[in-house]
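Asker: Got a structure for you, questions after.
The values are calculated or read from the model by the stated rules, or taken from the named source; none is laboratory data. Note that this is a predicted model, so its numbers are computed, not measured. Every residue, glycine as well, gets a Cβ built from its backbone with ideal geometry; the counts of neighbours run over all protein chains shown. Surface accessibility is based on the protein's heavy atoms, side chains included, excluding ligands, DNA and RNA. Shrake-Rupley method; radii C 1.70, N 1.55, O 1.52, S 1.80 Å.
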Amino acid sequence: MARPKIERPDFGGPFPEHIAVIMDGNGRWARGQGLRRVLGHSEGVHSVREITTECARMGVKSLTLYAFSVENFKRPKAEVGFLMRLLSKFLVDERPTLMNNGVRLRAIGRLEELPKNALAALRETERLTERNDGMLLRLALAYGARAELADGLRRFARDLAAGRVREQDIDDETLRGYLYDPHTPDPDLLIRTAGELRVSNFLLWQISYSEIYVAKECWPQFRRPQLLAALEDYARRVRKFGGLVNDAPAPKPDTTRSGMRAR
Ligand code: IPE
Ligand code: IPE
Ligand code: MG
């Protein structure tokens, strides 16, 4: 089956190569509909499918979705169990959609903390999609940025002790090498849904210079129009990375007496 052709929207500005999303507000959406919280997670799967497909068709190179944090294990057992069953089902059901859109799936996080069947479904979907050459879909599962740094530091300590790395060689890039997936460039755009102004332990190292966009909609309501609104907003951003852009000379300060008085 031929892959849909890439159709990138043009908002007259930059387009993000890597988008990361904190998919929040499933519970609130369900409550607002008079439903049980967990049904918000089921509904959220439709948004995952639509946003993944849309991003792949728009030519986004990487999409990282925060699906389950290491802290989310603190939730009631029934909700965690529901989410894990939903994850296993998603990983099987989505295979045709991923294949048809050329999407490669990879997970980041403390994957060994996932239930056995979810981990097996994950490994199989990763294997089936590994030769796809379209968008990379990264699922952050049992993920925490502090856990990622701690896990990396542990491996680093071992390498240091074994002489595989020397203290004087440590720089930003050495550190990146100890993250879960060092070869995927940092997110250009970080989206959080449901209006919350937090990063909730997501990719703390990698989002240093990401542009942040907060959507008021809960995740189950975040679909193509909301994605386009985020992309339109991103197209207006000026990324400076600490440097200067448009370094035109500043207008001369008015130091005449009248100018001074006028201020
Ligand atoms: C996001 O929705 C999904 C996960 C964290 C797994 P929530 O379950 O956090 O929904 P709210 O924020 O309670 O509404
Ligand atoms: C962040 O949402 C984690 C995921 C989206 C998977 P949470 O709902 O867990 O975050 P807090 O607790 O509101 O910060
Ligand atoms: Mg939440």
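Asker: Is it the case that some residue within the range 181-192 is without any contact (Cβ under 8 Å) to a residue 60 or more places away in the chain and away from ligand 1 (no atom under 16 Å from the Cβ)? If you could, list the steps in order and put the result at the bottom.
Answerer: Within the range 181-192, the first condition is being without any contact (Cβ under 8 Å) to a residue 60 or more places away in the chain, and the residues that meet it are 182-183.
Going one step further and asking which of them are away from ligand 1 (no atom under 16 Å from the Cβ), we end up with 182-183.
The answer is yes; a qualifying residue exists.
Asker: Could you check, for the range 195-215, whether at least one of its residues is on the phi > 0 side of the Ramachandran plot, within 16 Å of ligand 3 (Cβ to nearest atom), at pLDDT 95 or above and more than 14 Å from the chain's Cα centre (by Cα)?
Answerer: Looking through the range 195-215, at least one residue is on the phi > 0 side of the Ramachandran plot, within 16 Å of ligand 3 (Cβ to nearest atom), at pLDDT 95 or above and more than 14 Å from the chain's Cα centre (by Cα).
Asker: Follow-up question, since we're still on this one. Name the residue that is farthest from ligand 1 (Cβ to nearest atom), counting only residues in the range 193-223 that are among the aromatic types (F, W, Y) and in contact (Cβ under 8 Å) with a residue 40 or more places away in the chain.
Answerer: So in the range 193-223, the residues among the aromatic types (F, W, Y) come out as 202, 205, 209, 213, 219, 222.
Restricting the remaining residues to those that are in contact (Cβ under 8 Å) with a residue 40 or more places away in the chain gives 202, 205, 219, 222.
On the way: F202: 11, W205: 21, W219: 6, F222: 11 Å.
Among them, the one singled out is W205.
Asker: Condition first: over 17 Å from the mean Cα position of the chain (by Cα), modelled with pLDDT of 95 or more, more than 15 Å from L63 (Cα to Cα) and within 16 Å of ligand 2 (Cβ to nearest atom). Can you find one or more residues in the range 162-185 that meet it?
Answerer: No, every residue in the range 162-185 fails to be over 17 Å from the mean Cα position of the chain (by Cα), modelled with pLDDT of 95 or more, more than 15 Å from L63 (Cα to Cα) and within 16 Å of ligand 2 (Cβ to nearest atom).
Asker: Out of R95, R85, R31, R36, I need the residue that is away from ligand 1 (no atom under 14 Å from the Cβ) and modelled with pLDDT of 95 or more. Which one?
Answerer: On the way: R85 fails: away from ligand 1 (no atom under 14 Å from the Cβ); R31 fails: away from ligand 1 (no atom under 14 Å from the Cβ); R36 fails: away from ligand 1 (no atom under 14 Å from the Cβ).
Sole residue among the options that is away from ligand 1 (no atom under 14 Å from the Cβ) and modelled with pLDDT of 95 or more: R95.
Asker: From E126, E130, E148, grab the single residue that is under 20 Å from Y66 (Cα atoms), touching a strand residue (DSSP E or B) at 6+ places or on another chain (Cβ under 8 Å) and away from ligand 2 (no atom under 16 Å from the Cβ). Full working, then the answer.
Answerer: Numbers: E130 fails: under 20 Å from Y66 (Cα atoms); E148 fails: away from ligand 2 (no atom under 16 Å from the Cβ).
Testing whether each residue is under 20 Å from Y66 (Cα atoms), touching a strand residue (DSSP E or B) at 6+ places or on another chain (Cβ under 8 Å) and away from ligand 2 (no atom under 16 Å from the Cβ) leaves just E126.
Asker: Of all the residues that make up the range 94-110, how many are within 15 Å of P182 (Cα to Cα) and of a type in the set (A, V, I, L, M)?
Answerer: Looking only at that region, the number is 2.
Asker: All but one of (1) of a type outside the set (S, T, Y); (2) open to solvent by less than 20 Å² (accessible area, probe 1.4 Å); (3) touching a Ser or Thr at 6+ places or on another chain (Cβ under 7 Å) hold for A235; which doesn't?
Answerer: Among (1) of a type outside the set (S, T, Y); (2) open to solvent by less than 20 Å² (accessible area, probe 1.4 Å); (3) touching a Ser or Thr at 6+ places or on another chain (Cβ under 7 Å), the lone unmet condition for A235 is (3).
Asker: If I ask for residues that are surrounded by fewer than 17 Cβ atoms within 10 Å (Cβ to Cβ) and out of contact with any Asp or Glu (no Cβ under 9 Å at 6 or more places or on another chain), which ones from the range 49-74 would you list?
Answerer: At the first step, the residues of the range 49-74 found to be surrounded by fewer than 17 Cβ atoms within 10 Å (Cβ to Cβ) are 49-50, 59, 61, 71, 73-74.
Of everything in the range 49-74, those that are surrounded by fewer than 17 Cβ atoms within 10 Å (Cβ to Cβ) and out of contact with any Asp or Glu (no Cβ under 9 Å at 6 or more places or on another chain) turn out to be E50, E71, K74.
Asker: Which residue out of R3, R110 is open to solvent by 70 Å² or more (accessible area, probe 1.4 Å) and of a type in the set (D, E, K, R)?
Answerer: Working: R110 fails: open to solvent by 70 Å² or more (accessible area, probe 1.4 Å).
Step by step, each of R3, R110 is checked, and only R3 is open to solvent by 70 Å² or more (accessible area, probe 1.4 Å) and of a type in the set (D, E, K, R).
Every residue, every condition in (1) assigned to a loop (DSSP other than H, G, I, E, B); (2) closer than 30 Å to P76 by Cα; (3) open to solvent by 30 Å² or more (accessible area, probe 1.4 Å), yes or no:
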position: P16; (1), (2), (3): yes, no, no
position: W29; (1), (2), (3): no, yes, yes
position: L35; (1), (2), (3): yes, yes, yes
position: S47; (1), (2), (3): no, yes, no
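Asker: Could you tell me whether G12 is farther than 24 Å from T184 by Cα, open to solvent by 20 Å² or more (accessible area, probe 1.4 Å), touching a residue at least 40 places away in the same chain (Cβ under 8 Å) and not β-branched (V, I, T)? Give the derivation first.
Answerer: Numbers: farther than 24 Å from T184 by Cα: yes; open to solvent by 20 Å² or more (accessible area, probe 1.4 Å): yes; touching a residue at least 40 places away in the same chain (Cβ under 8 Å): yes; not β-branched (V, I, T): yes.
So G12 passes the test.
Asker: Suppose the filter is open to solvent by 20 Å² or more (accessible area, probe 1.4 Å), small (G, A, S) and under 23 Å from R138 (Cα atoms); does S42 pass it? Walk me through it before giving the result.
Answerer: Working: open to solvent by 20 Å² or more (accessible area, probe 1.4 Å): yes; small (G, A, S): yes; under 23 Å from R138 (Cα atoms): yes.
Against the criterion (open to solvent by 20 Å² or more (accessible area, probe 1.4 Å), small (G, A, S) and under 23 Å from R138 (Cα atoms)), S42 qualifies.
Asker: Yes or no: the range 146-167 includes at least one residue that is β-branched (V, I, T), open to solvent by 10 Å² or more (accessible area, probe 1.4 Å), within 16 Å of ligand 3 (Cβ to nearest atom) and over 21 Å from L87 (Cβ atoms). Don't jump to the end; show me each part of the working.
Answerer: Taking the range 146-167 first, the residues β-branched (V, I, T) are 165.
Right, trim to open to solvent by 10 Å² or more (accessible area, probe 1.4 Å) and you get 165.
Right, trim to within 16 Å of ligand 3 (Cβ to nearest atom) and you get none.
Looking through the range 146-167, none of the residues is β-branched (V, I, T), open to solvent by 10 Å² or more (accessible area, probe 1.4 Å), within 16 Å of ligand 3 (Cβ to nearest atom) and over 21 Å from L87 (Cβ atoms).
Asker: Hey, another quick one. Open to solvent by 10 Å² or more (accessible area, probe 1.4 Å) and not in a helix (DSSP H, G or I) - does that describe any residue in the range 119-128?
Answerer: no
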